Amino acid sequence: MNKTLLIIVAVIIIAVGGFLVWQNQGEGPAQTPTQGEKYQSTQNGISFEYPDSYDLTERTDSFEGNTISVITLIPAGVQIPDMSEGPAGMSLIVIPAGTTSLESFVRTKSIANFNLSPDETLAPTTISGEQAFSYRYSGLYENDAVAVMHNGRIYLFSGAWIAADDQIREDFSSLLDSVTFLAQ
């Protein structure tokens with residue numbers, strides 16, 4: 001009887017161990033951000049690095065009668081069905097600055113999404129040596145955002161996330177750290 005009990009316990013231990021190994025597949029090194037891609041645009045006057053685990057798309061749109069650039073980074077290989085929301089990702093919107101100050105732009109223009117900020121706090125920071133503001137806002141996802149003005153353009157960066165410890169927040173921070181404004 002003791003031998004049968006030992007066999008049953010051994011089988012349970014092996015089964016539980018196998019389940020835990022299976023459950024943790026895909027975690028570990030694959031979660032570590034790797035800088036493998038570089039975006040550079042003389043038209044937008046900027047370059048930055050981003051992990052190769054994202055697909056980058058770029059398009060033009062308009063805002064208040066001005067042509068703007070919209071750069072979007074989403075997890076690689078994700079297909080977004082028509083008429084649906086996309087996954088948590090990162091974006092950069094490049095907008096002609098006009099005559100308004102950066103702070104006024106962020107506080108008053110809908111494209112900045114500052115009106116969705118739960119605490120309406122703008123924190124001073126720098127991006128590539130330029131004065132900038134960081135803030136958070138809530139929408140479909142929680143978002144970290146940074147706005148910076150350089151050479152007549154406003155750059156609105158945002159990183160969307162679900163859980164506070166999501167890898168995308170580290171990726172977003174690394175992207176911001178790699179920003180370089182190009183000579184025009």
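Which FRET efficiency, nearest 0.05, do THR72 and ASP119 yield, Cβ-Cβ r, R0 30 Å?
0.70
Determine the shape class of the range 94-183: with a ≥ b ≥ c the square roots of the Cα gyration tensor eigenvalues, call it rounded for a/c under 1.5, and otherwise prolate if a/b is greater than b/c, oblate otherwise.
oblate
Dividing the Cα radius of gyration by the Kirkwood radius, what Rg/Rh value follows for the range 52-134?
So for the range 52-134, dividing Rg by the Kirkwood Rh gives 0.99.
Tell me, what is the per residue accessible area of the range 38-122 in Å², probe radius 1.4 Å?
The answer is 56 Å² per residue.
Apply the a/c threshold of 1.5 to the C-alpha gyration tensor of the range 34-184 and tell me whether it is rounded, prolate or oblate.
rounded
The values are calculated or read from the model by the stated rules, or taken from the named source; none is laboratory data. Here the structure is a predicted model, which is why all the values come from computation and not from measurement. In this analysis, Cβ positions are derived from the backbone assuming ideal geometry, glycine residues included, and neighbour counts consider all displayed protein chains. These accessible areas exclude ligands, DNA and RNA; they are computed on the full protein's heavy atoms, side chains included. Shrake-Rupley method; radii C 1.70, N 1.55, O 1.52, S 1.80 Å.
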